[in-house]
Amino acid sequence: MATPPQSTKTWLQQRLSQRARERWPQLTGVGVRFRGQFAYVTGELVDGDTQPLMRLRYGGSASQWGFAAYLASKDGYEDSFLPNGHTAGLPEDALDTVCGLYLNDPTAWT
């Protein structure tokens with residue numbers, strides 16, 4: 001699979017950062033690093049710690065990314081479903097899903 005172009009990488013960072021500012025005050029920022037077709041997303045918490053959140057898989061479209069949640073119990077990522085039942089979607093929906101889990105806010109799924 002193709003890797004995302006630089007413009008898509010920049011777009012993704014901006015979209016996730018904007019969503020975190022709008023919806024997740026528990027986060028002071030969102031970090032995104034890329035490796036091949038994958039984007040690894042971490043949350044920067046108010047206390048200065050960082051939390052791995054998810055891995056997104058680029059499939060050729062900036063608006064549709066495969067979703068894998070970070071599982072602390074496995075210290076790794078597992079393909080997961082978004083609340084709408086799909087395994088791919090908007091990156092903001094994926095961020096809301098994992099933040100609902102890790103920041104203990106199930107209203108993220110309504």
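All of the numbers you see were taken from the coordinates with simple rules; none came from a lab. A quick note: this is a predicted structure, and the numbers were derived from the prediction, not measured. Please note: Cβ atoms are built from the backbone with ideal geometry, for glycine as well, and neighbour counts cover all protein chains shown.
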Degrees between helix 91-102 axis and first principal axis of the chain (Cα, 0 to 90, nearest 10): 30 degrees
Spin-label pair S17/R35, simplified geometry with 7 Å Cα→Cβ offset, distance in nm: 2.3 nm
Sum of -39500 (n - 2.57) over DSSP H runs of 4+, divided by residues of the chain (222 nm, nearest 500): -9000 deg cm²/dmol
I need the phi-derived Karplus couplings for the range 49-61: 6.51 cos²θ - 1.76 cosθ + 1.60, θ = phi - 60°, integer Hz, Gly and Pro marked x. 6, 10, 10, x, 10, 6, 10, 10, 10, 6, x, x, 10
Going by a ≥ b ≥ c, the root eigenvalues of the Cα gyration tensor, does the range 1-47 fall in the rounded group (a/c under 1.5), the prolate group (a/b larger than b/c) or the oblate group? prolate
Rounded, prolate or oblate, given the Cα gyration tensor of the chain, with a/c below 1.5 counting as rounded? rounded
Separation in nanometres of the label points that stand 7 Å from Cα toward Cβ, at E78 and T110: 2.6 nm
Mind checking the full-extension length gain between T3 and D47? Use 0.36 nm per residue of separation minus the Cα-Cα distance, one decimal, nm. 12.5 nm
